[in-house]
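S.K.: This is the structure I want to talk about, given as structure tokens.
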Amino acid sequence: MKDAQPRAIYLKDYQAPDYWIDTTDLTFDLFEDHALVTSVLGLRRNEDRGQDTPDLTLVGIDLELVSVFIDGSELTSDQYILGSESLTVPVTRLSFSLTVVTRIRPQENTSLEGLYKSNGMFCTQCEAEGFRKITYYLDRPDVMSKFTTKVIADRGRYPVLLSNGNDIARGEFEGGRHWVTWKDPFKKPSYLFALVGGDLEMVEDSFTTMNGREVALRIFTESHNIDKCDHAMLSLKKSMKWDEEVYGREYDLDIFMIVAVDHFNMGAMENKGLNIFNSSCVLASPDTATDASYQRIEAIVAHEYFHNWSGNRVTCRDWFQLSLKEGFTVFRDAEFSADMNSRGVKRIADAAIMKTAQFAEDAGPMAHPIRPQSFIEISNFYTLTVYEKGCEVVRMIQTIVGEHHFRKGSDLYFERFDGKAATCEDFVKAMEEASGVDLSQFRHWYNQAGTPVVTVTDSFDQASGRYLLTIAQSCPATPGQETKLPFHIPVAVALLDKDGKALPLNEAGETERVLHVTAAEDTWTFEGLTEKPLPSILRNFSAPVRVKYDYRREDLVFLMKYDSDSYNRWDAGQRLATAVIEDLVDGQLKDKETAIDSRLVDAFGVVLADEELDKAVKAEMLKLPSEASLAEQAEEIHPLQICESRSRVRKAIAEAHKDKLLELYQTLHLKGEYRPQAGDIAKRTLRNICLGYLVELEDDSLQQLAEDQYKNASNMTDLRAAMGAVINSSFQSRETIDSLLNDYLDRYKDDAVVMDSWFMLQSSSPSLGTLEHLRSLQEHESFDRTSPNKLRALLGGFTSGNMKQFHSGTGEGYEFLADWIITLDKQNPQIASRLMTPLTRWKKYQPAIRERMRKALERIKAVPDLSADIYEVVTKSL
Ligand code: B3K
Ligand code: ZN
């Protein structure tokens, strides 16, 4: 029996373990209907907890216990206690060996956690608490052990057998079985354990480290995908080099492996020396992957590689510290991507995710600090808050202590905690010690949830030439945290004169200054000005906060044109567009005809015509705020009005600037071989944005443009963009749309990753993605309900990417989602829980919608035996 109701655990209750596991020797005997796991643990009393020998309790889930031995003697069943999720054995010595044999059924494991099968191959996912589905263990990250793993399987079916570390021995058994033994010389927690067994091919390369050591690099996939690994390999080599140059971190084993698997709950996993990846985050070729996938692959390969130090060599003491490894590693991968591509655009893209999705999380029922104080199911805390806001917190530390001290702090942190399990506090202390900067107040970022609001007011006194900038901060209440203490917020500002030039702010002539906002309210004085400047606030998104300043629309137009900070220049455009679209939403609600503010349309024309503007930034500036972003900023969400108003503005921009859009579309056409490089990517992105606008117009020749681009595309980026343009256009016939969809299907039906987009393009299309259409798609032969990627494409595309259809009718979309959640909860709780997120935001919607969303949640809540994952989210949301 499981606990009747899942219970919360608290950070404040943390206790060190009673025992350490110095060595872990595992043997896996893999068969077609089960696997036998023999685990030999070298245990030692944690003497900090006493000299006595209390009973040892190990955790285990869904295991069939076969036998238990202590120091070689088998225990009888009255000598141990077998709980529903635990095994307790008596202890009489300070150190001893425990052998446990269990039987597990990877073939029946649909949760994709622990050991499972994907397309006939064995693979594992152990973070956070999946190892307990493999064997009884102290499955907690502060227990670090040296692992040796022997894998035995049929040679024909599973010629490749992998685990962490180096392979030290291999051999054959009679009956066609073979074995390989792997030894990992580094201590690690169980969540970093990995095993793979399958019929895989590999590409191989090598990297010479800064100290001249040769590391073998291997990427494994099913044979039909073996030609799609080059980009991941190149990304890996770039990451290894970058981590040496920027952080002084060298790789430590003789071999680094990546395995691509189709069925995977998230993007990838940083298992020591054996990263396991979702195929969609590894495989790329010009005609199967878009520019966006190329960049995502580069970023994720880097992220997982960087974990080798920030996560593996130095790990987390407990799961409340998750942001210690994730926030820091996201920061590292963001900086890597900025160095490899366009820094300005990377910052804009990251800020956009924060402002639409993370701010929404902070404002929702699951809001938590980057270091949560409690959780029911840790899987629910792999969130944008822990990852992306965690990254922003690390970035603020760098802004506050300076780049030089930040690097000294990171060196100190790695040195001090190498081979150990650390806490967020340890990280902050290392930064404080290395820099001499007091971060006491800054620590509130780790404890307090919610997005701070920074309200800026200013005044200018002509006679004295004095300009005053007053900054006040506040933070809304979040569940369990009614009031907040003031944060330490670094706010980067510049002051623009009437020609748009940034004024010098000190003797050295610097034009940007970081204001350290620490009080509830504070005022800064700038002397010697001759006119009232226009402030450019929170440059480069220097803190994860909302800025309130009473910009006039002309001011925003001005900033769009002159601000030298790419992020703020973009943000000014987003603010203006949001305000204009909100006018239209208001008008619709009041049944009042409202004209589109021409200043926005004109400003977009200026952006289009600006020859100086970096193309990548220009592309970003030409995107209207997404529906999700408009929803996030609304007091009360009126989804259908948002969709309609936004689309009206798109049409108006297209109409006003048709010629310029067409001219850009034509001149940006790239000839020659596809290269996933920043310059080319910017051109393709900009060109496809132009296409998106052009198909808003009822003009046969423009509609033809999209169709022609589909037919002539020489790479997946252009093909997918053209397909999107055709599907989403109101002026294309169903016949044309179907013929393109069929063509795509014909070409790509055997490529699972490419087919994900086929589903996603349809489910997220406001015209095509109706409930009826979704029901037919879920029966399609290329759909696979056991594949998280397919589920995300179909359901995520609909609920998060198709505001119009998800909210249309009288709640049928919510009931459809609820049905899926209830089914999926039995199969794969982690995926079910993720997909439920859109429903949890019900309180922000207009009353009729709110009520229907709540009803769907209530129905889920009433289902008996919910997983801890769904139970936690549903009870916190209602
Ligand atoms: N550490 C993994 C995430 C594991 C999620 C488990 N539910 C991937 C990453 O952040 O690199
Ligand atoms: Zn990570």
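S.K.: Taking amide H positions as placed in the peptide plane 1.01 Å from N, state which residues far from residue 270 in sequence (5 or more) or on other chains have amide H under 5 Å from it.
M.R.: Answer set, sorted by chain and number: none.
S.K.: Here's a follow-up. In degrees from 0 to 90, rounded to the nearest 10, what is the angle of the helix 700-712 Cα long axis to the longest principal axis of the chain?
M.R.: Roughly 30 degrees between the two axes.
S.K.: I've got another one for you. When only C-alpha pairs under 8 Å and at least 6 residues apart count, what is the relative contact order of segment 9-306, in percent?
M.R.: 14 percent.
S.K.: Select from segment 822-878 those GluC sites (Glu not before Pro) which occupy a DSSP coil region and have at most 13 other Cβ atoms within 10 Å, ordered by residue number.
M.R.: Working: sites: 851, 858, 872; in loops: none.
Loop-located and lightly packed - none at all.
S.K.: Just check segment 733-808 against the gyration tensor rule for me: Cα atoms, a ≥ b ≥ c as the square roots of the eigenvalues, rounded for a/c under 1.5, and otherwise prolate or oblate depending on whether a/b exceeds b/c. Numbers along the way, then the final one.
M.R.: Values: a/c = 1.93, a/b = 1.14, b/c = 1.69.
Judged from the Cα gyration tensor, segment 733-808 comes out oblate (a/c at least 1.5, b/c at or above a/b).
S.K.: How far is helix 553-562 tilted off the main Cα axis of the chain, in degrees rounded to 10, range 0 to 90?
M.R.: 70 degrees
S.K.: How large is the helix-only mean residue ellipticity at 222 nm for the chain, computed as the sum of -39500 (n - 2.57) over DSSP H runs with n ≥ 4, divided by its residue count, in deg cm²/dmol to the nearest 500?
M.R.: My calculation for the chain gives -12000 deg cm²/dmol from helical runs alone.
S.K.: Evaluate the chain: find the radius of gyration of its Cα atoms, find its Kirkwood radius, and give the ratio Rg to Rh.
M.R.: Working: Rg = 28.1 Å, Rh = 29.0 Å.
Taking Rh as the inverse mean 1/r over Cα pairs, Rg/Rh reads 0.97.
S.K.: Please list the non-local residues whose amide H lies under 5 Å from the amide H of residue 375, H modeled 1.01 Å from N, same-chain partners needing a gap of 5 or more.
M.R.: 9
S.K.: At a probe radius of 1.4 Å, what is the per-residue accessible area of residue 592, in Å² to the nearest 10?
M.R.: 120 Å²
S.K.: Moving on. With a 1.4 Å probe and all protein chains kept in place, how much accessible area does residue 623 have, in Å² rounded to the nearest 10?
M.R.: 80 Å²
S.K.: For segment 671-796, what is the relative contact order in percent, using Cα pairs closer than 8 Å and at least 6 residues apart in sequence?
M.R.: Working: 96 pairs, mean separation 22.4, N = 126.
Across segment 671-796, relative contact order equals 18 percent.
S.K.: Additional query: What net charge do the residues around residue 733 carry, taking every other residue with its C-beta under 14 Å from that of residue 733, with Lys and Arg at +1 and Asp and Glu at -1?
M.R.: Numbers: positive: 734; negative: 698, 700, 707, 735, 738.
Here the charged neighbours net out to -4.
S.K.: At a threshold of 8 angstrom on Cα-Cα distance, excluding pairs fewer than six apart, so keeping six or more, what relative contact order does the chain reach in percent? It would help to have the intermediate numbers written out before the result.
M.R.: Details: 1658 pairs, mean separation 72.7, N = 878.
Relative contact order of the chain: 8 percent.
S.K.: If you filter segment 719-772 for chymotrypsin sites (Phe, Trp or Tyr not before Pro), then keep DSSP loop positions with at most 15 other Cβ within 10 Å, what is left? Provide the component values of the computation, followed by the final result.
M.R.: On the way: sites: 731, 744, 748, 758, 759; in loops: 731.
Filter output for segment 719-772: 731.
S.K.: In what sequence, largest accessible area first, do 356, 57 appear using a 1.4 Å probe? Before the final figure, lay out the partial values.
M.R.: Numbers: 356 35, 57 70 Å².
Sorted by accessible area, descending: 57, 356.
S.K.: In the neighborhood of residue 553, defined by Cβ-to-Cβ distances under 10 Å, what is the net charge if each Lys or Arg adds +1 and each Asp or Glu adds -1? Write down the numbers at each step before the final one.
M.R.: Values: positive: 552, 575, 599; negative: 554, 555, 597.
Computed value for this residue: 0.
S.K.: Can you list the GluC sites (Glu not before Pro) in segment 1-106 that are in a DSSP coil and have 13 or fewer other beta carbons within 10 angstrom?
M.R.: Values: sites: 32, 47, 64, 74, 85; in loops: 32, 85.
Here the GluC sites (Glu not before Pro) that fit, given the DSSP loop and packing criteria, are 32.
S.K.: Further question on the same structure: Considering only protein heavy atoms, what per residue accessible area in square angstrom results for segment 810-878 with a 1.4 angstrom probe?
M.R.: 40 Å²
S.K.: Hey, another quick one. Could you run the Karplus curve 6.51 cos²θ - 1.76 cosθ + 1.60 with θ = phi - 60° over segment 613-630 and give me ³J(HN,Hα) per residue in whole Hz, x for Gly and Pro?
M.R.: 5, 3, 4, 5, 5, 4, 4, 4, 5, 7, 7, 6, x, 5, 4, 4, 5, 5
S.K.: Using only Cα atoms, find the angle between the long axis of helix 291-306 and the longest principal axis of the chain, and express it within 0 to 90 degrees, rounded to the nearest 10.
M.R.: Taking Cα atoms only, the helix is inclined about 40 degrees.
The values are calculated or read from the model by the stated rules, or taken from the named source; none is laboratory data. Since this is a predicted model, take the numbers as computed values, not measurements. Cβ: placed from backbone, ideal geometry, glycine included. Neighbour counts: every protein chain shown. The area values use the complete protein model at the heavy-atom level, side chains included, leaving out ligands, DNA and RNA. Shrake-Rupley method; radii C 1.70, N 1.55, O 1.52, S 1.80 Å.
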